[in-house]
Amino acid sequence: MKIDPLPVAVGLVLGGLVHLTTVLAMPRLALEDAHARIERVGPANEVHLIPSPTPFEAVLPRLDPSFAHAVCRYDLRDEPLRVTIPLASDYMSVSFYTRHGMPFYALNDRAAAQRVIDLQLMTPDQRAALPRDEEITAADRLIVESPSEEGIVLVRAFVREKGLQDAIEARLREAKCGPVG
């Protein structure tokens, strides 16, 4: 019995295309994506603590229970934002994601010049509209360009001991995510 390779090849290519299309479309079609879950935590352009995950409930999947988490769901349609995060004694990181969960920038406490991470988040158009001031150098102002007008800023702070949880969460409550002005 001789098998014709053309139908087999067409079937494999068609199956591969359907699989690839499904995998790429799922993040945009999902009803309970990270952005929708964080939307229930609080309004945009404000920092909110995320409750520690339990085996039965978590705001976001796969959060490490040895970290305290805070989140800012941002909206840059009206104006750029200033993100200010006071650092804790142990490791901290800040990650930036688009509306659909694509990471585009991250930094940790080692990159901070002082005991605070202070940056401005804006779209490329908002950055292009900034005045060209020769006295303000790139080192004076950290600007992060967001590829989308909406997205998520996720802050992670390591909790070395359970007894330090309250102090670290108090530090995260001091974080700001609001208008630059």
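To keep it simple, each residue is scored yes or no on (1) over 15 Å from Ile152 (Cα atoms); (2) of a type in the set (Phe, Trp, Tyr); (3) modelled with pLDDT of 85 or more.
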| position | (1), (2), (3) |
| --- | --- |
| Gly11 | yes, no, yes |
| Val23 | yes, no, no |
| Phe56 | yes, yes, no |
| Arg62 | yes, no, no |
| Asp78 | yes, no, yes |
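Asp4 satisfies every condition listed in (1) in the same structural domain as Thr123 (by TED's automatic domain parsing); (2) over 22 Å from Arg171 (Cβ atoms) except (1).
Residues that are in contact with a Pro (Cβ under 9 Å, 6 or more places away or on another chain) and farther than 22 Å from Gly178 by Cβ within the stretch 41-59 comprise Ser52, Pro53, Thr54, Glu57, Ala58, listed in sequence order.
The values are calculated or read from the model by the stated rules, or taken from the named source; none is laboratory data. Computed from a predicted model, the values in this text were never measured in an experiment. Please note: Cβ atoms are built from the backbone with ideal geometry, for glycine as well, and neighbour counts cover all protein chains shown.
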